[in-house]
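Note sheet for the following structure.
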Amino acid sequence: MALFQKATEQFAKGLSRTREKFVGSLKSILSGKSIDDNLLDDLEAKLIEADVGVSSAVRICDDLREARNDGRIEKGDDVLAFLKKEIKKYWPESDRSVHFSDKPPTVIIVAGINGAGKTTSIAKLAYLFKQQGKKVCLAAADTFRAAAVEQLTVWANRLDVDIIKGSGSDPAAVVYDACDAAIARNADVLLVDTAGRLHTQDNLMRELIKIRDVVAKKIPGAPHEVIQVLDATTGQNAINQAKAFQKAIDVTGIFLAKLDGTAKGGVVIAIRNEVNIPVKFVGLGEGYEDIEPFDPETFVEALFAEQASPPAESKAARTLQQRYGSEASSAKTDASAADAPADQPQSPAGSAISSRILTWAVRATLLCLILAAAAWAITNWPALSDWFDKITTDVK
Ligand SMILES: Nc1nc2c(ncn2[C@@H]2O[C@H](COP(=O)(O)OP(=O)(O)O)[C@@H](O)[C@H]2O)c(=O)[nH]1
Ligand SMILES: [Mg+2]
C-alpha cells in the first residue's frame, strides 16, 4: 500500500512538467466551449504538440467526436474527464512484468542509443531486483568506452552487487564470461550493459545480435528480456528508435528513462499506439531508487492530476485566458476535478460572455468615432480642401 502511494507520488512529481503542458494547454482551449469541429481540430493540434503522436491524437479526437455525436459528452469542460477515462483504456491487461526464468539466471540485455540512460537504468533494475531478494550480477559489456565500465563499477559497488568485466574490447567475450560467472555464483539475474548505438550503425547492431547469440548459446532460453532504454526527453525521436531497434533485435520491453523534468511525457501514449512493445519501467530521476514499474492507471492519474492548491503561475494563466474570453476553471478545480460531474456551475461561461460584451462595446465605440469623423469630413469638404491647398502652397 505504502509502495503504491509512493509510486503515485513519484509519478505525479516526475510528470509535473508534462502535466502542465498536457492538461494546461488542453484546458486553455476547452473551458467554456462547445465541442464543434474547430475545437476538435485545435485539440488535435495541442495533443500533437504534447508529443502524443499524430496517430494517437487523431484516434483521441475520433473517439471524442464519436462521444459527442452519441451525446455522451456535450461541452469542452467535460473533455478532460472523458480523455482520462478513454486513455486509460488504451492499455489492455497486457504483460508488463519481467519474464524471469524458472531456471536462473535470468538474462536481461539492455540496449539503446548513447546517453539514453542505459547504465543508470541498469543500476535501477539491479536495485529493484535486489529489493525483491534476488542475487544480481552485472556484465560490463560496454567496452567501447573505459568510462562506461568505471561508471557501472561505481553503481555495482554502491549497490553491493557483483560485476563481471572483461580484459579486452570484445563485448561478446565479456558476456560469455559473465554467463559462466552468473551460473557459478548462483545469480538470479544477469543484467548486461551494452554500448550505445544507432540503428543505422550496422556493425554495432551486428555486435548486439552477436551478444544475444552468445547468451542464447550459454543459457537456454536466454536472453529472457531485451530491454531498450529510451530517453523520454527526445519525444517523437524515441518512437523512431524503438521501431528501428525492434526490427534489428527482438526488444521485449521498454525502459522509458528521464520521464522526470520533461514536458514530453505524452510520448508514453505515442509508444503505446505506435510501437508494439510494452513500457515496463520508467525512470524518474538520476538515483537508483528513481524507478517505477510502468502502470497505466497510475500514469494517467498522474497525468491528469490537478494541483491541490493552485500554483502561482495559474494566476497568470487565468489572466491570459480571461484576455481571450475564456476562463481558467483550473483555479477552482481540485484533485478530483477531472472526474467532476458534467453539470458543474457555469461561471466560466458567464465570465466569458461578459468579457466578450466588453470587447464588442469597445469595437462599436471605435467604429462610431470613425464614422462620425468621415461624416464631418464629407460635410466640410470645401473648407477642408481650401485649407489643404493653403498648406501645400505654403510648403512650396
Ligand atoms: N533526470 C534523469 N536523468 C537520467 C535518468 N536516467 C539517466 N539519466 C541521466 O542521463 C545521463 C546518461 O545516462 P547513462 O546511464 O550514462 O546513459 P547511457 O549512455 O545510455 O548508459 C546521466 O547523466 C544520467 O544521470 C532519469 O530517469 N532521469
Ligand atoms: Mg552506459
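The values are calculated or read from the model by the stated rules, or taken from the named source; none is laboratory data. These numbers come from a predicted model, not from an experiment. Note that we place each Cβ from the backbone using ideal geometry, even for glycine, and neighbour counts take in every protein chain shown.
Some notes on this structure:
- Residues of segment 128-170 satisfying the condition of being loosely packed, with under 15 Cβ neighbours inside 10 Å, closer than 20 Å to Asp290 by Cα and within 14 Å of ligand 1 (Cβ to nearest atom): Thr153, Val154, Arg158
- Search result, residues across segment 97-120 that are part of a loop (DSSP other than H, G, I, E, B) and either within 16 Å of ligand 1 (Cβ to nearest atom) or under 18 Å from the mean Cα position of the chain (by Cα) (or both): Gly112, Ile113, Asn114, Gly115, Ala116, Gly117
- Count of segment 239-284 residues which are of a type in the set (D, E, K, R), more than 29 Å from Asn203 (Cα to Cα) and in contact with a helix residue (DSSP H, G or I) (Cβ under 7 Å, 6 or more places away or on another chain): 2
- Residue match in segment 226-233 (condition: touching a residue at least 60 places away in the same chain (Cβ under 8 Å), surrounded by fewer than 19 Cβ atoms within 10 Å (Cβ to Cβ) and touching a helix residue (DSSP H, G or I) at 6+ places or on another chain (Cβ under 8 Å)): no
- Residue within segment 214-230 that is in contact with a Lys or Arg (Cβ under 9 Å, 6 or more places away or on another chain), on the phi < 0 side of the Ramachandran plot, within 16 Å of ligand 2 (Cβ to nearest atom) and among the charged types (D, E, K, R) present: no
- Yes/no for Ile163 being within 16 Å of ligand 2 (Cβ to nearest atom), in contact (Cβ under 8 Å) with a residue 12 or more places away in the chain and more than 14 Å from Gly112 (Cβ to Cβ): yes
- Taken over segment 98-127, the criterion of being within 11 Å of ligand 2 (Cβ to nearest atom) and not aliphatic (A, V, I, L, M) is satisfied by Gly112, Asn114, Gly115, Gly117, Lys118, Thr119, Thr120, Ser121.
- Restricting attention to segment 68-81, the residues being assigned to a helix (DSSP H, G or I) and crowded, with 18+ Cβ neighbours inside 10 Å number 7.
- Among the residues of segment 271-303, those that are in a strand (DSSP E or B) and not small (Gly, Ala, Ser) comprise Val279, Lys280, Phe281, Val282, Ile291, Glu292, Pro293.
- Test: residue in segment 182-205 that is free of Cβ contacts under 8 Å to residues at least 24 places away in the same chain and within 16 Å of ligand 1 (Cβ to nearest atom): yes
- Residue count, segment 128-155 (criterion: assigned to a helix (DSSP H, G or I), more than 16 Å from ligand 2 (Cβ to nearest atom) and in contact (Cβ under 8 Å) with a residue 40 or more places away in the chain): 2
- Within segment 171-202, the residues that satisfy the criterion of being in a loop (DSSP other than H, G, I, E, B) and surrounded by 15 or more Cβ atoms within 10 Å (Cβ to Cβ) are Ala187, Asp188, Ala195, Gly196, Arg197, His199.
- In segment 9-39, the residues that are more than 17 Å from Gly266 (Cα to Cα) and either in a helix (DSSP H, G or I) or touching a Gly at 6+ places or on another chain (Cβ under 9 Å) (or both): Glu9, Ser28, Ile29, Leu30, Ser31, Gly32, Lys33, Ser34, Ile35, Asp37, Asn38, Leu39
- A residue that is buried (at least 17 other Cβ atoms within 10 Å of the Cβ), touching a strand residue (DSSP E or B) at 6+ places or on another chain (Cβ under 8 Å) and at pLDDT 85 or above occurs somewhere in segment 34-52.
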